[in-house]
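Asks: Here's a structure for you.
The values are calculated or read from the model by the stated rules, or taken from the named source; none is laboratory data. On a predicted model such as this, the values are computed, not experimentally measured, just so you know. All Cβ positions, glycine included, derive from the backbone under ideal geometry; neighbour counts span all protein chains shown.
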């Protein structure tokens, strides 16, 4: 795979990860604020199904099935021809549809910047803030061990 | 003669509307919203997700309300719901070393990389009922501490450097992970299938079995190598995309139990391991699962199978509380015909017994009847 193609795939995947992790209400709000087009032909879904989660024995060994999770997916085609996909945990069909449209818009070189700036960047920044807060709250519960000094005199 | 009996439709319908009324309770008390349950009864929601084997907080919360707080009934509802949905596939295995950690403790190493992070734990609380909580007092925001991101390797990786602990469990290269939702249970079973069954197994049952190993029934000297709770990312391979599609994050609890092992004909002296992985924040369940996983490896490690917790068929066949409650609770459904047949049988046996033990009295009775 050429370098540019690999970079594009990594960026597209990162955008999809941000959309999947974000709250549906936040996506709708930013979508409306940015005035992004929601016109698209639904090729599949939005539909809810299951994925089976896998873990690894001992954390890093052979895979095993842990249990299932609800996932909602959608596939759309824009009037300009790009096909976008979304798979996201949960049952939010509106979110899956918008995220699939966002994925399709992202693939349009004329639109990518707009999607990244007005939708992905603010979502990512909110997620990062929430993660940092959670990390800092957990860090406050870190145990600092100290040794009692015995009196020697 | 066989007589089909029908009836009870009206009684059943009325019982269900009475159930709906009692479930709602006093109408002057506000109805619970699902988000209240998700936020404020979070560990109950986690238990229903884990044993219902379906990660979806809102559905678990709905199940809890619908079941009036009866956890096994809620788990049953979630299991039934699962069967209505198509399956999109199996995720890539989660990477617990890359977790956004919310709690991480080790009982074996004080100063492990990343440190001991207590997180939102009940440990070290005084277990005194809190009247302020009853009064609905405001709760302060938690403290924060600035921190640079620090890698948090699993504790098993640290012990492995000395070569004194067995590696993570491996399977043959071409082994496809078994799935108990697709194939019936068969014994003996591979460890991967056992772990799937344990992960959805009843917390109380596994807790009691784990406890029994500590009390000497299959003693295996356990230490909590590590417990970690936090969020991990999920990815799914799909044909329409050239890369694994990210699905979002789930919270899981992982327990690495480390067990002293004096060696056997099959394995040298070393630390062996039991593993627990459960949906949500479910520390007790993850620990119980790890204890049972280790006990069930008795044959693999050349130990004598002498206790209930080591008996794979016993443990796995009885760990599922939906199956267990189904079979126990079915006893209260009408068994009129079965019972009539048994009644008839017992009457005959009793008559034969009486005739044998007390022939005169039976003879008198017969005469009186004539």
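Asks: Kindly check whether there is at least one residue in the stretch A:38-50 that is crowded, with 22+ Cβ neighbours inside 10 Å, modelled with pLDDT of 95 or more and within 7 Å of chain B (Cβ to nearest Cβ).
Replies: Yes, there is a match, as at least one residue in the stretch A:38-50 is crowded, with 22+ Cβ neighbours inside 10 Å, modelled with pLDDT of 95 or more and within 7 Å of chain B (Cβ to nearest Cβ).
Asks: Given the condition in a helix (DSSP H, G or I), touching a residue at least 12 places away in the same chain (Cβ under 8 Å) and away from chain B (no Cβ under 13 Å), answer yes or no: does some residue in the stretch A:13-26 qualify?
Replies: Checking the stretch A:13-26: at least one residue is in a helix (DSSP H, G or I), touching a residue at least 12 places away in the same chain (Cβ under 8 Å) and away from chain B (no Cβ under 13 Å).
Asks: Report yes if residue B:239 is over 24 Å from residue B:269 (Cα atoms), free of Cβ contacts under 8 Å to residues at least 40 places away in the same chain, crowded, with 20+ Cβ neighbours inside 10 Å and within 12 Å of chain A (Cβ to nearest Cβ), otherwise no.
Replies: no
Asks: Any residue that is more than 10 Å from every other protein chain (Cβ to nearest Cβ), touching a helix residue (DSSP H, G or I) at 6+ places or on another chain (Cβ under 9 Å), more than 30 Å from residue B:157 (Cα to Cα) and surrounded by fewer than 16 Cβ atoms within 10 Å (Cβ to Cβ) - is there at least one of those in the stretch A:60-80?
Replies: Yes, because at least one residue in the stretch A:60-80 is more than 10 Å from every other protein chain (Cβ to nearest Cβ), touching a helix residue (DSSP H, G or I) at 6+ places or on another chain (Cβ under 9 Å), more than 30 Å from residue B:157 (Cα to Cα) and surrounded by fewer than 16 Cβ atoms within 10 Å (Cβ to Cβ).
Asks: Before we move on, is residue B:220 buried (at least 20 other Cβ atoms within 10 Å of the Cβ), at pLDDT below 95, in contact with a helix residue (DSSP H, G or I) (Cβ under 7 Å, 6 or more places away or on another chain) and outside any strand (DSSP E or B)? Spell out how you get there, then give the answer.
Replies: Values: buried (at least 20 other Cβ atoms within 10 Å of the Cβ): yes; at pLDDT below 95: yes; in contact with a helix residue (DSSP H, G or I) (Cβ under 7 Å, 6 or more places away or on another chain): yes; outside any strand (DSSP E or B): yes.
So residue B:220 passes the test.
Asks: Considering every residue within the stretch B:270-283, establish whether at least one is over 17 Å from residue B:47 (Cα atoms) and without any contact (Cβ under 8 Å) to a residue 40 or more places away in the chain.
Replies: In the first step, residues of the stretch B:270-283 are kept if they are over 17 Å from residue B:47 (Cα atoms); the result is B:270-275.
From what's left, without any contact (Cβ under 8 Å) to a residue 40 or more places away in the chain: none.
Looking through the stretch B:270-283, none of the residues is over 17 Å from residue B:47 (Cα atoms) and without any contact (Cβ under 8 Å) to a residue 40 or more places away in the chain.
Asks: Take residue A:99 and tell me if it is surrounded by 24 or more Cβ atoms within 10 Å (Cβ to Cβ), under 19 Å from the mean Cα position of the chain (by Cα), more than 8 Å from chain B (Cβ to nearest Cβ) and modelled with pLDDT of 95 or more.
Replies: Working: surrounded by 24 or more Cβ atoms within 10 Å (Cβ to Cβ): yes; under 19 Å from the mean Cα position of the chain (by Cα): yes; more than 8 Å from chain B (Cβ to nearest Cβ): yes; modelled with pLDDT of 95 or more: yes.
Yes, satisfied.
Asks: Which pairs turn up if I take residues in the stretch A:115-136 that are more than 10 Å from chain B (Cβ to nearest Cβ) and look for partners that are at pLDDT below 95 and not in a helix (DSSP H, G or I) with beta carbon separation below 8 Å, at least 6 apart in sequence or on another chain?
Replies: A:115/A:36; A:118/A:36; A:119/A:36
Asks: In the stretch B:242-255, which residues are more than 7 Å from chain A (Cβ to nearest Cβ) and buried (at least 20 other Cβ atoms within 10 Å of the Cβ)?
Replies: Going through the stretch B:242-255, the residues more than 7 Å from chain A (Cβ to nearest Cβ) turn out to be B:244, B:251-253, B:255.
Passing the criteria: B:251, B:252, B:253, B:255.
Asks: Among (1) at the interface with chain A (Cβ under 10 Å from one of its Cβ atoms); (2) without any contact (Cβ under 8 Å) to a residue 12 or more places away in the chain; (3) over 16 Å from residue A:64 (Cα atoms), where does residue B:176 come up short?
Replies: (3)
Asks: Continuing with the same structure: Among the residues of the stretch B:93-111, which ones are within 11 Å of chain A (Cβ to nearest Cβ), touching a residue at least 60 places away in the same chain (Cβ under 8 Å) and part of a loop (DSSP other than H, G, I, E, B)?
Replies: B:94, B:95, B:99, B:106
Asks: Every residue in the stretch B:169-188 that is surrounded by 17 or more Cβ atoms within 10 Å (Cβ to Cβ) and over 26 Å from residue B:85 (Cβ atoms), please.
Replies: B:169, B:171
Asks: On to the next question. What number of residues in the stretch B:127-167 are within 14 Å of another protein chain (Cβ to nearest Cβ) and touching a residue at least 40 places away in the same chain (Cβ under 8 Å)?
Replies: Final tally of qualifying residues: 10.
Asks: Regarding residue B:247, is this residue in the same structural domain as residue B:198 (by TED's automatic domain parsing), touching a residue at least 24 places away in the same chain (Cβ under 8 Å), over 19 Å from residue B:195 (Cα atoms) and in contact with a helix residue (DSSP H, G or I) (Cβ under 6 Å, 6 or more places away or on another chain)?
Replies: Working: in the same structural domain as residue B:198 (by TED's automatic domain parsing): yes; touching a residue at least 24 places away in the same chain (Cβ under 8 Å): yes; over 19 Å from residue B:195 (Cα atoms): yes; in contact with a helix residue (DSSP H, G or I) (Cβ under 6 Å, 6 or more places away or on another chain): yes.
So residue B:247 fits the description; yes.
Asks: OK, next. Grab the helices (runs of 4 or more DSSP H) fully contained in the stretch B:238-333, keeping just those with 2 or more residues being touching a strand residue (DSSP E or B) at 6+ places or on another chain (Cβ under 9 Å). Step through it out loud before you land on a result.
Replies: On the way: elements: B:283-295, B:312-318, B:321-329.
Hits in the stretch B:238-333: B:283-295.
Asks: Looking only at the stretch B:56-69, decide whether some residue is in contact with a helix residue (DSSP H, G or I) (Cβ under 6 Å, 6 or more places away or on another chain), free of Cβ contacts under 8 Å to residues at least 40 places away in the same chain, facing chain A (nearest Cβ under 8 Å) and surrounded by fewer than 18 Cβ atoms within 10 Å (Cβ to Cβ).
Replies: yes
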